[in-house]
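I have placed the structure first, in the form of structure tokens, so that the comments after it can refer back to it.
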């Protein structure tokens with residue numbers, strides 16, 4: 001069973017990812033996400049599939065004003081050996097998303113290698 005520090009370290013990566021996205025901070029996104037990470041999701045009726053760099057570009061293009069108080073919640077976290085899966089939700093540009101993040105322990109740190117997201121329907 002993983003120890004409390006493992007869960008805290010993974011939660012810190014999720015916070016860095018959310019801050020990077022909501023504050024439009026590519027350095028935070030690069031820190032939290034592996035350079036070959038995939039971003040996959042359902043949005044506006046279609047399946048999106050992209051790279052970390054494409055995601056950073058989408059965030060930059062969409063963010064007119066960074067959110068100084070980004071909100072997120074970790075709803076579930078599972079750790080087996082050196083692999084973790086996190087189900088989190090966040091608010092990005094006023095829209096509520098559910099993310100499933102996969103993080104291996106790689107090169108002495110936890111890093112996001114995949115983000116699968118869905119936009120919650122309004123109201």
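Since every read-out is calculated from the coordinates, none of them should be taken as a lab result. None of these values were measured; they are calculated from a predicted model. Here the Cβ is made from the backbone with ideal geometry for all residues, glycine too, and neighbour counts use every protein chain on show.
A helix-only calculation puts the chain at -9500 deg cm²/dmol for mean residue ellipticity at 222 nm, using -39500 (n - 2.57) for each DSSP H run of at least four residues, averaged over all residues. So what's the gap between the Cα centers of region 83-112 and region 1-67, to the nearest angstrom? After rounding, the separation between the Cα centres reads 7 Å.
Just need the relative contact order of the chain here, percent rounded to a whole number, with Cα pairs under 8 Å and 6+ apart.
25
When each of the peptides 88-99, 66-77 is scored by how many other beta carbons lie within 10 Å of its residues on average, the order from highest to lowest is 88-99, 66-77. Can you compute the label reach from residue 30? Point 7 Å from Cα along the Cβ direction, backbone N cut-off under 17 Å, restricted to region 42-65. Label zone hits: 51-61.
Compute the distribution of all C-alpha to C-alpha distances in the chain, in bins of 5 Å from 0, and list the percent of pairs in each, rounded to whole numbers. The percentages, shortest bin first, are 2, 11, 22, 27, 20, 11, 5, 1, 0.
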